[in-house]
Amino acid sequence: MQLSNWLVFCSVALLTTFSPGPAVLLAISNSVAQGPRRALTCSLGNAFGLFIVSGVTMAGMGVVLATSAPAFTALKIAGAGYLIYLGVKQWRTQENSFSTEKFSPTPNAGWRLFGQGVSVALTNPKAILFFSALFPQFLSPEAPLSEQFLLLTTTFSLCALISHTFYVLLAHQLRDHFASPGRVQWFNRASGSVFVLLGLSLLTLRNKAA
């Protein structure tokens, strides 16, 4: 792959990953509730999920989703349902996410957060369709396909981690401004509502077979 093509891909990947979405919102929410270190554990899970999504795309699932309405609808409903579940859970929580006591470790919290990040990546049909549409634009037929996919997926995952780190640290720096009970409730309901809206937006997503 030519360096110029890779730099263009980096620009597209950074723009995409810095755009607010389910993974970014989850990173912010976990940064507030669990602290930056645990929030990045969730982001690592998301990066791992992106590798799985890329592998699925290589296996041809992107074509299946683009041409099979039932398969696309099933994944779309699963992704929307998971985001709505996260939103309702966040909305209903009465805990003070900004309390420093929230940073105390809990059993298996790391694995739970890692799995949460993986789940968000795997249940978003936009990810598979994004990889299916984007990757072919940067692939060279003269070079081995597997090496190019590995390079592009690693690059995209690193861009996602850079984006999440930025939002996680920003949320951590601003947490003291939201420490009052009223602002805590506002944050929980606002972030919960955004999760629900993102889930509902997935239900409006269409593909060529729909």
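The values are calculated or read from the model by the stated rules, or taken from the named source; none is laboratory data. Everything numeric here is computed off the predicted structure, so don't read it as measured data. All Cβ positions, glycine included, derive from the backbone under ideal geometry; neighbour counts span all protein chains shown. For the accessible areas, the whole protein counts, side chains as well, though only heavy atoms, and no ligand, DNA or RNA atoms are used. Shrake-Rupley method; radii C 1.70, N 1.55, O 1.52, S 1.80 Å.
Remarks
- Listed residues Ser4, Ser31 arranged by accessible area, highest first, probe 1.4 Å: Ser4, Ser31
- By average C-beta atoms within 10 angstrom, highest first, the peptides 189-200, 40-51: 40-51, 189-200
- Per-residue ³J(HN,Hα) for the range 10-22, Karplus 6.51 cos²θ - 1.76 cosθ + 1.60, θ = phi - 60°, Hz, x for Gly and Pro: 4, 5, 5, 5, 5, 4, 5, 6, 7, 5, x, x, x
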